[in-house]
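Structure, as structure tokens:
The values are calculated or read from the model by the stated rules, or taken from the named source; none is laboratory data. Because the structure is a prediction, the values reported are computed rather than measured. Every residue, glycine among them, receives a Cβ derived from its backbone with ideal geometry; neighbour counts consider all protein chains shown. Heads up: the accessible areas ignore ligands, DNA and RNA and are worked out on the full protein's heavy atoms, side chains in. Shrake-Rupley method; radii C 1.70, N 1.55, O 1.52, S 1.80 Å.
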Amino acid sequence: MDKSSGGDKYNIETAEILANEAQHLPVAEATPIYEQLLLLFPTAAKFWRQYVEAYMATNNDDATKQIFSRCLLHCLQIPLWRCYIRFIRKVNDKKGMEGQEETRKAFDFMLNCVGADIASGPVWMEYIAFLKSLPAINGQEESHRMTTVRKVYQKAIVTPTHHIEQLWKDYENFENSVSRQLAKGLISEYQPKYNSARAVYRERKKYVDEIDWNMLAVPPSGSYKEEMQWIAWKRLLSFEKGNPQRIDTASSNKRIIFTYEQCLMYMYHYPDIWYDYATWHATSGSIDAAIKVFQRALKALPDSEMLRYACAELEESRGAIQAAKKIYESLLGDGVNATSLSHIQFMRFLRRTEGVEAARKYFLDARKSPTCTYHVYVAYATMAFCLDKDPKMAHNVFEAGLKRFMHEPFYILEYADFLIRMNDDQNIRALFERALSSLPPEESVEVWKKFTQFEQTYGDLASMLKVEQRRKEALSGAEDGTTLESSLQDIVSRYSFMDLWPCSSNDLDHLTRQEWLTKNINKKVEKYILANGTIVTDKTSMANISTASPKIVYPDTSKMVIYDPKHTLGAGAGTNAFDEILKATPPALVAFLANLPAVEGPTPNVDIVLSICLQSDLPTGQSAKTGISTQVQTGKAGIPSQLSAGYAPATSELSGSTKSHPVPSGVSLKPGSNRQYGKRKESDRQEDDDSTTVQSQPLPRDAFRIRQYQKARASSASQTGSVSYGSAFSGDLSGSTG
């Protein structure tokens, strides 16, 4: 699977392909494939069912029983369990009374495990049919059989399943067939319980329908589907924990356990589900069951330190010290690859359970480990000081660690905190001097900060100012050689306490901003274009600019190409995508596109043009006298648009000239935009403004009236001047005199 899935052993597609291939292979060849799949997906009920059915087909009963023993208790899925009962009935079919008793026990076992499933209705029906089919030699056996059937019915009708209504009808018929007088009392007794179960079923179904029952258990990857499934299971578990049916505690707990077990079939690699399951057992009073859940969880997720600590905590809380100690020792392993955290937690565990001396001995061994870090020293020193009240031991531990971890700034800070609590100001200053003399400037920032804070809190003014000046001089090398001058920020730092500041929040923001600008005051930049259009050259000081953001990334303008509408791409560039479009274009449309004239310049918005065409009525004809086509009109309430803003030739009948006049522009194509799609000379615009008067009147809808209207307007235009139509989409006509 690893090779075919690119290294992902939990590849679902590959697993499905292998499972399908195994179905068509002989059992001997399919067995290794199934074993490989089930090693990765141990809770995949569908793979188990395929595996066991392959052996059932060959009548290999021993192998079939062995497979069922491996999967049934942890794969609570109805199809798998029905396969199991089918096998049991087949094996015991010819064994007479003994075989019938074995089959009955198998049914009881199955319903005890999966009878709470919402899809278990057919199983209840099959069991009832089996009981009814049992022979009764005498009246006593008949009475016993009827009593058994009644008990099964009464359990089935209070279980929220898909077939609860059918089971209730069958139960009514059964009681009436036995005794109508007795049936009346029993039905009236169980009617409320049935109604409650049916109502719970309807609510339960809403949660169950959100779950993908074909999902395979894989480690969480953070995908949306996995998160939705996690939420769906959490909702179902919360629903069951609320005991909506108000049944007894034992029955409710059994249903919750069943839901958790089903959830783990799909959330097998989710440590939080295992932890919730174990914690629920513990809070319910069943510590042993919680421990068993943790043991299963550690088998499923052997690398989970969280679950190991949780299990050890539970063992320790119930007094099983040796069991908890074994878990801690398993975290340590052989000691070579043990983490510092495992050393620390085991040391704390030993102090709690075996005393101070045991913890001290282990610390002496742990510090020799190659994986031991300064955290172990800090943890033991803090334990000795705070818990064992032994400051001398803590001081010795810190001093021993200082020889090994002088290069660790955080260890220096922890040691300084300890000395501050000890009120040992002399050793504190000595520690800072030793550490700062060995640490490089880029790693000493936090140590200088701690030193400065110490002097500000416990030193006098002279020592305070001296340390601050030394800090600036030491850190100036880490700031590209710039000298860190005194600023108002030093006063704020010096005279603030916790969340109390000697200035407002706005002042603090301003000072922080000014501090950044000061650090970058001598940095040269090539060219910045600010939001307001100001160009800042490399000689301009950034301190004079308050609008430039330090996080702005500017493009390399030297590589930009000036737009040229006549510029053609190189050979072969951009043709692949166009060829793909032509392949999917109908031949008639291709021929139409080939006949279109070549247009240079900006390309119109195709969507807007199509929208305009779809909303417009086609023109009915042309004006006889003007020779100008009737403009397309919308005829509908909508946003007016301008189809064209270019030049249109119009011949003046009075002057006989052929001077081109622009068509008066209407409303802009885009709502709220002042952009015009054509440019006119200023003289032409002034001429139109002075000489053009617009007359608008809605165009009639009747075809006869439209022609009469056009003739009237045309005759009027022949007397007054040239005629031009108004906005293409306003539905108006306008005459202009030129």
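Couple of notes before you dig in:
- Taking chymotrypsin sites (Phe, Trp or Tyr not before Pro) across the range 424-514, the ones in a DSSP loop with at most 14 further Cβ atoms lying within 10 angstrom of their Cβ are Tyr495.
- Both numbers refer to the Cα atoms of the range 339-442; Rg and Dmax are 13.9, 45 Å.
- Projecting the Cα positions of Tyr84, Ala63, Pro42 onto the charge dipole of the range 23-96 (unit charges on Cβ atoms of Lys, Arg, Asp and Glu, taken about the Cα centre) puts Tyr84 furthest along the positive direction.
- Trypsin sites (Lys or Arg not before Pro) lying in DSSP loop within the range 160-258, provided at most 13 other Cβ fall within 10 Å: Arg246
- Under 14 Å, Cβ to Cβ, from Ala278 - net charge with Lys/Arg +1 and Asp/Glu -1: -1
- Rolling a 1.4 angstrom probe over the protein heavy atoms with all chains in place gives the range 211-332 an accessible area of 48 Å² per residue.
- Counting heavy atoms of the protein chains alone, Leu500 has an accessible area of about 110 Å² for a 1.4 Å probe.
- In a DSSP loop and with at most 10 other Cβ atoms within 10 Å, there are no GluC sites (Glu not before Pro) in the range 281-334.
- The equivalent ellipsoid of the range 83-211 has semi-axes of 26, 22, 9 Å, largest first, where each one is the square root of 5 times an eigenvalue of the Cα gyration tensor.
- Taking amide H atoms as placed 1.01 Å from N in the peptide plane, the amide H of Asp390 lies under 5 Å from those of Phe385, each 5 or more residues away in sequence or on another chain.
- Largest to smallest accessible area among Lys95, Lys368, Lys403 [probe 1.4 Å]: Lys403, Lys368, Lys95
- Karplus-derived 3J(HN,Hα), 6.51/-1.76/1.60, for each residue of the range 310-327, Hz, glycine and proline x: 5, 5, 4, 4, 5, 5, 5, 5, 9, x, 8, 5, 5, 5, 5, 5, 4, 5
- By the Cα gyration tensor, the range 211-332 has an equivalent ellipsoid whose semi-axes, rounded to whole angstrom, run 26, 21, 9 from largest to smallest.
- Coupling constants for the range 448-456 follow from the phi torsions by the Karplus curve (6.51 cos²θ - 1.76 cosθ + 1.60, θ = phi - 60°), and in residue order they are 4, 4, 5, 4, 5, 4, 4, 5, 5 Hz; glycine and proline get x.
- Basic side chains Lys and Arg get +1 at the Cβ, acidic Asp and Glu get -1 at the Cβ, and with that the dipole of the range 211-332 about its Cα centre reaches some 320 debye.
- Rotationally averaged projected area of the range 261-403 (alpha carbon convex hull; nm²): 9.3
- Ligands, DNA and RNA left out, the accessible area of the range 155-278 computed with a 1.4 Å probe is 51% carbon and sulfur.
- Solvent-accessible area of Tyr153 with every protein chain in place, 1.4 Å probe, in Å² to the nearest 10: 10
- For the range 604-611, the Karplus equation 6.51 cos²θ - 1.76 cosθ + 1.60, evaluated at θ = phi - 60°, returns couplings of x, 6, 5, 4, 5, 4, 5, 4 Hz by residue, with Gly and Pro reported as x.
- Orientation-averaged projection of the range 298-343 equals 3.2 nm² [convex hull of Cα atoms, one quarter of hull surface area].
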